[in-house]
Amino acid sequence: MADKFSKETRSYIMSRIRGKDTKPEILVRKYLFARGLRFRKNDKRYPGRPDVVLPKYKTAVFVHGCFWHLHEGCKYAKMPKSNVEYWEEKLYRNRERDARNQAELKAMGWTVLTVWECELKKDKREETLEILYDRITSQDNGE
């Protein structure tokens with residue numbers, strides 16, 4: 001199936017996709033801040049530049065888009081039908097990089113938590129954020 005948009009239009013659309021300060025990230029940060037947690041965002045000192053770094057709890061939180069990070073079993077993580085080779089390579093490389101970064105952080109003694117975009121949809125949002133807060137603030141960090 002051909003793309004609905006011309007190459008130029010598709011290129012423009014894709015150029016508008018941000019790598020940080022996305023709506024799901026902002027949702028998570030606002031919730032954590034409102035609950036009294038203080039953190040750094042997108043800290044370059046740590047592998048993968050976690051979206052939220054909580055030094056007090058030695059916890060790093062990644063907020064992943066289901067498409068961009070290939071959330072397994074998620075309806076939002078569909079492989080595009082055009083230019084399949086390019087997308088497979090790119091998205092699987094993203095997944096491998098995520099695993100490598102998380103392993104490095106864990107080796108440094110950090111707890112790594114991942115929040116998926118689909119878990120922040122209106123019907124699941126409050127529960128997801130409460131679980132995240134509890135895992136961050138609990139003694140064992142949910143491990």
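Take the alpha-carbon centre of region 94-109, take the same for region 1-80, and report the distance between them in whole Å.
Region 94-109 and region 1-80 have Cα centres separated by 16 Å.
Counting other C-beta atoms within 10 Å, which of 59, 9 has the fewest, and how do the rest follow? Display every interim value, and only then the final one.
On the way: 59 23, 9 11.
Fewest to most other Cβ atoms nearby, the residues stand as 9, 59.
Once the Cβ-Cβ distance between residue 90 and residue 34 is put in as r, and R0 is 25 Å, what FRET efficiency do you end up with, to the nearest 0.05?
Rounded to the nearest 0.05, the efficiency is 0.10.
Evaluate the charge dipole of region 35-136 about its Cα centre and quote only its size in Debye, nearest 20, assuming +1 on the Cβ of each Lys and Arg and -1 on the Cβ of each Asp and Glu.
Numbers: 23 positive and 16 negative charges, 90 e Å.
Here region 35-136 has a charge dipole of around 440 debye.
Where Rh is the Kirkwood radius over the Cα pairs of the chain, the temperature 4 °C and the viscosity 1.567 mPa s, what D in µm²/s does Stokes-Einstein return? Don't skip to the answer; put the middle values down first.
On the way: Rh = 16.5 Å.
D, rounded to a whole number, is 79 µm²/s.
Region 36-87: D in µm²/s via Stokes-Einstein (Kirkwood Rh, Cα pairs, 10 °C, 1.306 mPa s)?
Numbers: Rh = 13.1 Å.
Result for D is 121 µm²/s.
Please report, in debye to the nearest 20, how large the charge dipole of region 84-143 is about its Cα centre when each Lys and Arg carries +1 at its beta carbon and each Asp and Glu carries -1 there. Don't jump to the answer; show the numbers that get you there.
Details: 11 positive and 15 negative charges, 35 e Å.
Dipole about the Cα centre, nearest 20: 160 debye.
Which far-off residues, 5 or more places away or on another chain, put their amide H under 5 Å from the one on residue 114, with H placed in the peptide plane?
62
Set Lys and Arg Cβ to +1 and Asp and Glu Cβ to -1, take the dipole of the chain about its Cα centre, and tell me which of 9, 112, 50 lies farthest positive.
Farthest towards the positive pole: 9.
Label points 7 Å out from Cα along the Cβ direction at residue 130 and residue 58: separation in nm?
2.9 nm
Once the cut-off is 17 Å, how many percent of the Cα-Cα pairs in region 59-99 end up in the long-distance tail? Don't skip to the end; give the middle numbers.
Numbers: 248 of 820 pairs.
Considering region 59-99, 30 percent of its Cα-Cα pairs are separated by more than 17 Å.
Would you mind calculating the gained length between residue 103 and residue 3 on full extension (0.36 nm times residue separation, minus the Cα-Cα distance), in nm to one decimal? Don't skip to the end; give the middle numbers.
Details: separation 100, 0.36 × 100 = 36.00 nm, distance 3.71 nm.
Gain in length upon complete extension: 32.3 nm.
Quick one: which of 44/81; 30/81; 4/30; 7/122; 30/78; 81/106 span more than 31 angstrom between C-alpha atoms? Don't jump to the answer; show the numbers that get you there.
Values: 44/81 34 Å; 30/81 36 Å; 4/30 36 Å; 7/122 33 Å; 30/78 29 Å; 81/106 36 Å.
The answer is 44/81; 30/81; 4/30; 7/122; 81/106.
Over region 1-43, consider all pairs of different Cα atoms and compute the Kirkwood hydrodynamic radius from their mean reciprocal separation; express it in Å, one decimal.
Working: mean 1/r = 0.0766 Å⁻¹.
After inverting the pairwise mean of 1/r, the radius is 13.1 Å.
We did not get these values from a lab; they are worked out from the coordinates using the rules stated. Note that the coordinates shown come from a computational prediction; the quantities given were computed from them, not determined experimentally. Quick reminder, even Gly has a Cβ in these numbers, built from the backbone with ideal geometry, and neighbours come from all protein chains shown.
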